[in-house]
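Report on one structure; see the data block that follows.
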Amino acid sequence: MFSCFQSGEQNRMRHVIEEAVTCLMKSTKSHGKIAVADLGCSSGPNALALVSCAVDAIFQHYAVACEQVPAELSVFLNDLPDNDFNIVAKSLVAFQESHQHIGHVTVGIVPGSFYKRLFTTSSLHLILASNSVHWLSEAPEDLRTHGIPMYDGDDDLRQARRPLVLEAYARQFKKDFKLFLNLRAQELVAGGQMVISVPGTCAGDDTGHSNLPWVAWDPVASILNDMATRGVIDREKLDLFYIPTHGPSARELKEIIEEEGSFMINKMLVHEPNMDKSLITPKAMALLTRAVFEPMMAQHFGKSDEIMEELVKTTERHVNMGSPPVNAATFVFLCVSLTKM
Ligand SMILES: C[S@@+](CC[C@H](N)C(=O)[O-])C[C@H]1O[C@@H](n2cnc3c(N)ncnc32)[C@H](O)[C@@H]1O
């Protein structure tokens, strides 16, 4: 279900990537070399989907223009060092071989955080990122240093602190995303393109930043709170556990891009997740929640089958009671296409 959910969004990006390639061909001189990178590629069946779409669009451009394809086309895939790059490496080589008859494609894996420099200055022409930049570099600093939990067990305290918690998350996202833009601007050539899709919220655009309801961690935090109340996980540990994600609104994203100042916004699309609703069963939701949160929960609460099985059961129960781990009413995907100025 997870890969289908993501591939739905990647398909939606296809057209925007093709437009970015057209724009790139008009605005930059590639000198026979084009380099494309996907940041936060993961290792599943979708790992090569975006770069593959970009490479097809580049070759298509040259075919239509009856021009010689670039002498060197480089494709890079990035993710955190813990990612399973074995599968990615095999798929990359298969991809390279399947394109041999069209042009010379070199491939590379770049492990590391996209909150650091990953590529040399002015070496990339097109950067892609789908469903990855909502992961923060760390839990919101203000909450950690003041010992404020993301989800207080006490209902009144939680309601009272909610604006403060949401603002801390929004502030951390702003800091991280500005850094991300700045680093990528250094790595792109002038006129280089970037297409990013990020899960976000449609609510903040109507209600203002301080009321931003988050789309992912809130319901999951309530599931964890339920588990702590029953003693399945330790309350004190839960109070120190922060899910480091933030789903921005379109306005929030636009303001950060404009404030950072390295990129011009070509286009921003806001749409609901594109997926087959029949796949969203309580069990599938519960397994998806486990797939996303197991690594960070194991790190924080300790590796435990019992905790994971309880997470699945509790999530299923919450979904059956009408509170799914994703708030469908406000959950959207934001797809933004940018040109480096
Ligand atoms: C939900 S997956 C998305 C995978 C793929 N892009 C897709 O759309 O199917 C998010 C990926 O972002 C990666 N990620 C999160 N933070 C990252 C960081 N700071 N640097 C690089 N990758 C990161 C995760 O490891 C994960 O593989």
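Data for the structure
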read-out: Unmet requirement for Val107, which otherwise passes all of (1) more than 18 Å from Glu19 (Cα to Cα); (2) surrounded by 15 or more Cβ atoms within 10 Å (Cβ to Cβ); (3) in contact with an Asp or Glu (Cβ under 7 Å, 6 or more places away or on another chain); value: (3)
read-out: Of residues in the range 72-84 being among the aliphatic types (A, V, I, L, M) and open to solvent by less than 20 Å² (accessible area, probe 1.4 Å), the one nearest to the ligand (Cβ to nearest atom); value: Leu77
read-out: Options Val107, Val69, Val51, Val64; residue that is within 23 Å of the chain's Cα centre (by Cα) and either more than 16 Å from the ligand (Cβ to nearest atom) or farther than 30 Å from Glu294 by Cα (or both); value: Val107
read-out: Cross-chain or 6+ apart pairs with Cβ under 7 Å, the range 156-174 first and touching a residue at least 24 places away in the same chain (Cβ under 8 Å), then open to solvent by 40 Å² or more (accessible area, probe 1.4 Å) and charged (D, E, K, R); value: Ala168/Asp142; Arg171/Asp142; Gln172/Glu141
read-out: Some residue of the range 151-161 being of a type outside the set (Ser, Thr, Tyr) and surrounded by 20 or more Cβ atoms within 10 Å (Cβ to Cβ); value: no
read-out: The listed residue being assigned to a loop (DSSP other than H, G, I, E, B), more than 30 Å from His300 (Cα to Cα) and open to solvent by less than 30 Å² (accessible area, probe 1.4 Å), out of Phe59, Phe114, Phe119; value: Phe119
read-out: Given (1) assigned to a loop (DSSP other than H, G, I, E, B); (2) within 16 Å of the ligand (Cβ to nearest atom), index of the condition Arg12 fails; value: (1)
read-out: Members of the range 136-147 that are in a loop (DSSP other than H, G, I, E, B) and open to solvent by less than 20 Å² (accessible area, probe 1.4 Å); value: Leu136, Ala139, Pro140
read-out: Residue match in the range 116-137 (condition: out of contact with any strand residue (DSSP E or B) (no Cβ under 9 Å at 6 or more places or on another chain), at positive phi and away from the ligand (no atom under 15 Å from the Cβ)); value: no
read-out: Members of the range 283-306 found to be more than 14 Å from Pro219 (Cα to Cα), open to solvent by less than 40 Å² (accessible area, probe 1.4 Å) and either part of a helix (DSSP H, G or I) or in contact with a Pro (Cβ under 7 Å, 6 or more places away or on another chain) (or both), listed by number; value: Ala284, Met296, Met297, Ala298, Phe301
read-out: Condition met for Val36 (outside any loop (DSSP other than H, G, I, E, B) and either within 13 Å of the ligand (Cβ to nearest atom) or open to solvent by less than 60 Å² (accessible area, probe 1.4 Å) (or both)); value: yes
read-out: Yes/no for Arg184 being part of a helix (DSSP H, G or I), among the charged types (D, E, K, R) and open to solvent by less than 30 Å² (accessible area, probe 1.4 Å); value: yes
read-out: Within the range 162-173, tally of residues that are among the small types (Gly, Ala, Ser) and open to solvent by 10 Å² or more (accessible area, probe 1.4 Å); value: 1
read-out: Tabulated pairs, the range 286-298, first within 13 Å of the ligand (Cβ to nearest atom), second small (Gly, Ala, Ser), C-beta under 9 angstrom, 6+ apart or interchain; value: Val292/Ala216
read-out: Any chance Glu18 is away from the ligand (no atom under 16 Å from the Cβ) and not in a loop (DSSP other than H, G, I, E, B); value: yes
read-out: Given (1) at pLDDT below 95; (2) over 21 Å from Ser137 (Cα atoms), number of the condition Thr289 does not satisfy; value: (2)
read-out: Single condition Thr229 does not satisfy, out of (1) modelled with pLDDT of 95 or more; (2) open to solvent by 10 Å² or more (accessible area, probe 1.4 Å); (3) closer than 30 Å to Leu118 by Cβ; value: (3)
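The values are calculated or read from the model by the stated rules, or taken from the named source; none is laboratory data. Everything numeric in this text was worked out from a predicted model, so none of it was measured. Cβ atoms come from the backbone with ideal geometry, glycine included; neighbour counts cover every protein chain shown. Note: areas computed on protein heavy atoms with side chains; ligands, DNA, RNA excluded. Shrake-Rupley method; radii C 1.70, N 1.55, O 1.52, S 1.80 Å.
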